[in-house]
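These notes concern the structure reproduced below.
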Amino acid sequence: MERLRYDEDKAFLLADDASTIARIVRTVPVDRLRATKFDQWTAVEIIGHVADAAEIFADRVRRCVEEDRPAVAAYDQDAVAAERRNNERDPIELSRRLSAAHSRIINLLQQPGAAARPGSHSDWGEVDAGHFAAYQADHSHGHTSELAKAFPPTS
């Protein structure tokens, strides 16, 4: 896997996506979020998926910063989604989890040299904290852009 680079633009993506999701869950009725499907998942399930991933990746970043070359395993996103039953969750609570996890990533990587702290991923091999953060920024942005297009701001 190509090593991704964490920079100011990725930090802004993390912050902006959390804000966009917060706007969506506060302005779109929950019934509409639960009913709107994107392929197999509803909007609430996508928000839950992004929140779950954000917490997993925030922990990976934290481990890289705090530990010497931590080993992290891939996770099964479908198993996590099924376990958490995200479509039944409160979208505002999911948004808060997402915001908190993205904030943790940004704060951890403000420390000099933190982004370069290495870790080992079961599928990706040796990567660093910055890679985990940039991956989450790109992943989150893909889903958030899809949701923002479906639920644009109202005037």
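Worth a mention:
- The chain shape via C-alpha gyration tensor axes, a/c threshold 1.5: prolate
- Neighbour counts of other Cβ atoms within 10 Å put 151, 12 in the fewest-to-most order 12, 151.
- Gain in span if fully extended, residue 68 to residue 90, counting 0.36 nm per residue against the direct Cα distance: 4.2 nm
- Rounded to the nearest 20 debye, the dipole size of the range 8-150 about its Cα centre is 480 debye, using +1 on the Cβ of Lys and Arg and -1 on the Cβ of Asp and Glu.
- Using alpha-carbon coordinates, inclination of helix 8-27 to the longest axis of the chain, degrees: 20
- Listed peptides 89-97, 130-138 by packing density, highest first (mean Cβ within 10 Å): 130-138, 89-97
- Between residue 16 and residue 100, the modelled label-to-label distance comes to 2.6 nm, taking each label 7 Å out from Cα in the direction of the beta carbon.
- Of 133, 115, 143, farthest towards positive along the dipole that unit charges on Lys, Arg, Asp, Glu beta carbons give the range 8-150: 143
All of the numbers you see were taken from the coordinates with simple rules; none came from a lab. These numbers come from a predicted model, not from an experiment. No Cβ is skipped: glycine too gets one built from the backbone with ideal geometry, and neighbour counts run over all protein chains shown.
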